[in-house]
1. Would chain A count as rounded, prolate or oblate if I go by the C-alpha gyration tensor, calling it rounded below 1.5 in a/c and otherwise prolate when a/b exceeds b/c, oblate otherwise?
2. Specify whether the C-alpha gyration tensor of the protein assembly as shown places it in the rounded, prolate or oblate class, a ≥ b ≥ c being the square roots of the eigenvalues: rounded for a/c under 1.5, otherwise prolate if a/b is larger than b/c and oblate if not.
3. Short version: ³J(HN,Hα) in whole Hz for each residue of the range A:40-53, in order, from phi by Karplus 6.51 cos²θ - 1.76 cosθ + 1.60 (θ = phi - 60°), x for Gly and Pro, what are they?
4. Please state the charge dipole magnitude for chain B, taken about the Cα centre, from unit charges on C-beta atoms (+1 on K and R, -1 on D and E), reported in debye and rounded to the nearest 20.
5. Roll a 1.4 Å probe over the protein heavy atoms and report the accessible area of residue A:28 in Å², nearest 10.
6. Roughly speaking, to the nearest percent, how much of the protein assembly as shown's 1.4 Å accessible area is carbon and sulfur?
7. Could you pull out the GluC sites (Glu not before Pro) across the range A:56-92 that fall in loop regions by DSSP (anything but H, G, I, E, B) with no more than 14 other Cβ atoms inside 10 Å?
8. List, by residue number, every residue in the range B:58-103 with a reduction of 50 Å² or greater in accessible area between the chain on its own and the complete protein assembly, 1.4 Å probe.
Amino acid sequence: DVKVTQSSRYLVKRTGEKVFLECVQDMDHENMFWYRQDPGLGLRLIYFSYDVKMKEKGDIPEGYSVSREKKERFSLILESASTNQTSMYLCASSLSQVFLEAFFGQGTRLTVV
Amino acid sequence: DQQVKQNSPSLSVQEGRISILNCDYTNSMFDYFLWYKKYPAEGPTFLISISSIKDKNEDGRFTVFLNKSAKHLSLHIVPSQPGDSAVYFCAASARTGTYKYIFGTGTRLKVLA
């Protein structure tokens, strides 16, 4: 079974803090993704990575950066957290070059106060 | 610009009846489509997928239909069960490029006992 693990289920951070969200997958997937889910807006792609050290902006990258130093780990960084970044953050991974489903982690509910 | 749209934010169905969830897309390059189910405070789980070479795919109680000319897909759940109550997301991906998944805004299904 593919496992995608996000380091925290719930986080509360203060405005202006630097926040790290970590994601690890155990299936040697090339692709990894960060989405955020907000009511009425669905899942929006923040960033994705198709290989180690390779990344591409998604639809809403502003205020975020990412790091992929190892194949199994993909980190989302909020450079200076703001209240409008309060959301559910979801990490996913998938194989490249074949059409298969993406597997999701359990999500991190981030609240910025 | 929403490339994948789910125009019904919610749907209520009686237990045992058919649930039909709809999804429209605008990008003709999409050629792989997926449905995910999401419970509160959990990550989305994969339900069923279809590639553009097919117009129907069935898996137990779940059937996905694809109408390429209308750029429309639908998920049929028969018979609906109370445990099917969740938010359903459709997603699309293109064979060209980096295989990223674009999600719709979701439809909340409530199956009434």
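The values are calculated or read from the model by the stated rules, or taken from the named source; none is laboratory data. This structure is a prediction, so every number in the text was calculated from the model and none was measured. Here Cβ is always computed from backbone atoms with ideal geometry, including for glycine, and neighbour counts include all displayed protein chains. These accessible areas exclude ligands, DNA and RNA; they are computed on the full protein's heavy atoms, side chains included. Shrake-Rupley method; radii C 1.70, N 1.55, O 1.52, S 1.80 Å.
1. Details: a/c = 1.72, a/b = 1.64, b/c = 1.05.
Prolate, because a/c is 1.5 or more and a/b exceeds b/c.
2. On the way: a/c = 1.88, a/b = 1.42, b/c = 1.32.
Because a/c hits 1.5 or more and a/b exceeds b/c, the protein assembly as shown counts as prolate.
3. Karplus values, whole Hz, x for Gly and Pro: x, 10, x, 9, 10, 7, 8, 8, 9, 9, 10, 5, 4, 6.
4. Values: 13 positive and 9 negative charges, 18 e Å.
The calculation lands at about 80 debye.
5. 100
6. Values: 5370 of 10780 Å².
Within the protein assembly as shown, the accessible surface is 50 percent carbon and sulfur.
7. Numbers: sites: A:56, A:62, A:69, A:72, A:79; in loops: A:62, A:72, A:79.
In loop regions of the range A:56-92 (DSSP not H, G, I, E or B), the sparsely surrounded GluC sites (Glu not before Pro) are A:62, A:79.
8. B:98, B:99, B:100, B:101, B:103
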